[in-house]
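The values are calculated or read from the model by the stated rules, or taken from the named source; none is laboratory data. This structure is a prediction, so every number in the text was calculated from the model and none was measured. Using ideal geometry, Cβ is built from the backbone for each residue, glycine included, and neighbour counts are taken over all protein chains shown.
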Amino acid sequence: MPEQTRVQRQEMVAALGRLEPAGDIRVLAAPTSAMGGTPRITELLVAEGDRVASGQILARFDTGPTQQAERGVLVARIGTLQRRLTVENRELERYRSLAGVGAIAVDELDRRSQDNLLLQGELQEAKAELAKIEADLANTELRAPIAGTVLRINARVGERPGDRGILELGASDRMEALLEVYESDVARVRPRMAVQLSSENGGFTGTLRGRVIRISPQVRQRQVLSTDPTGDADARIVEVRVSLEPDDAQRVRQLTGLKVIARLGT
C-alpha cells in the first residue's frame, strides 16, 4: 500500500453533527409591561422557513389598537392647543401694545402672560406624552432585527409568549456544521482540514463540502445522538465547526438542525 494512502486513511475521522447558521440565532420575545406581563399575539405574519428582511414586521400584539387610539386623542389635543396658542400669542402682543400706551393695567398684561405660559406648558406636556405613545407603539409590533430565516415558531395567534419567546430567527445566508468528534479522535483533526457531509436521513442529496474552521478547547458530553441503539450517549466529544462551501451552503440554508454524518480528512 502506498505510504500516502496509508497516511490519508489514518487521518480520516468520522463524526456526527448538525447544520447551523454561521451568523446569529436570535430568540425574539414579546415586550414586557411594567407589571411583568406580555401582550397577546393578534397576527403572526411569518411561518417557519420564511426568509425575512431586516425591519420586516413579523407579528402584532393586542396592545396595538389601544395605543393607536391614545395616539389619535393626543394628536387631536396637540392640534387644539397649537391653535389656541396661536390666538393667545396674537392677543398677548395686542395687550403688550395697549399696556405700552397705558390703555390697560399692567396686572392685566401679567395675567395674560401667565395664561400664555400655562398654555405653552400644556402643549409641551402633550408632545411629551405623544413621544411616549410613539415609543410604546413600536412595541405593539415585532420586527426582524436582522435579515435571515425563521427557524422556529414558539407561540401562535391568541397566545401570550412564554420564556421561549415568539420565534427564532437565524442569519442563515452562510451555513456551518457543528460536529461532535470523539475526544480520542480529535488529535487527528486540524484547521483547514477538508470535510464531506452527508445526510443520515435523506435531508439532502449527495454530499456537502467544507473545511474545519474552529476546534473547541473544551471536552463536552455528546448531544447529537446516533440512530445506533448501541451508541454511547455518554461519550465525551470535542466540538468542531466546519464552514460550508458557498454553493453547498445555499442548498441547505433552510435545513438548520438537520443531522449530518461527517468524514474529515477526505
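In segment 162-173, is there at least one residue being among the basic types (Lys, Arg) and without any contact (Cβ under 8 Å) to a residue 24 or more places away in the chain? No, there is no match, as no residue in segment 162-173 is among the basic types (Lys, Arg) and without any contact (Cβ under 8 Å) to a residue 24 or more places away in the chain. Among the residues of segment 22-41, is there at least one that is acidic (Asp, Glu), modelled with pLDDT under 85 and closer than 30 Å to Pro161 by Cα? Looking for residues that are acidic (Asp, Glu), modelled with pLDDT under 85 and closer than 30 Å to Pro161 by Cα, one finds at least one in segment 22-41, hence yes. When Ser199 is tested against (1) among the polar types (S, T, N, Q); (2) surrounded by fewer than 16 Cβ atoms within 10 Å (Cβ to Cβ); (3) in contact (Cβ under 8 Å) with a residue 40 or more places away in the chain, only condition (2) is not met.
Looking only at residues in segment 126-156 that are of a type in the set (S, T, N, Q) and closer than 21 Å to Gln254 by Cα, which one is modelled with the lowest pLDDT? Restricting to residues being of a type in the set (S, T, N, Q) and closer than 21 Å to Gln254 by Cα, the top hit is Thr149. Looking only at segment 63-76, decide whether some residue is at pLDDT 90 or above and in contact with a Lys or Arg (Cβ under 6 Å, 6 or more places away or on another chain). No, there is no match, as no residue in segment 63-76 is at pLDDT 90 or above and in contact with a Lys or Arg (Cβ under 6 Å, 6 or more places away or on another chain). Here Gly55 clears all of (1) under 40 Å from the mean Cα position of the chain (by Cα); (2) in a helix (DSSP H, G or I) except the condition numbered (2). Checked against (1) aliphatic (A, V, I, L, M); (2) modelled with pLDDT of 95 or more; (3) in contact with a Lys or Arg (Cβ under 7 Å, 6 or more places away or on another chain), Met175 meets all criteria but (2). For segment 144-193, the tally of residues that are surrounded by 14 or more Cβ atoms within 10 Å (Cβ to Cβ) and not in a loop (DSSP other than H, G, I, E, B) stands at 20.
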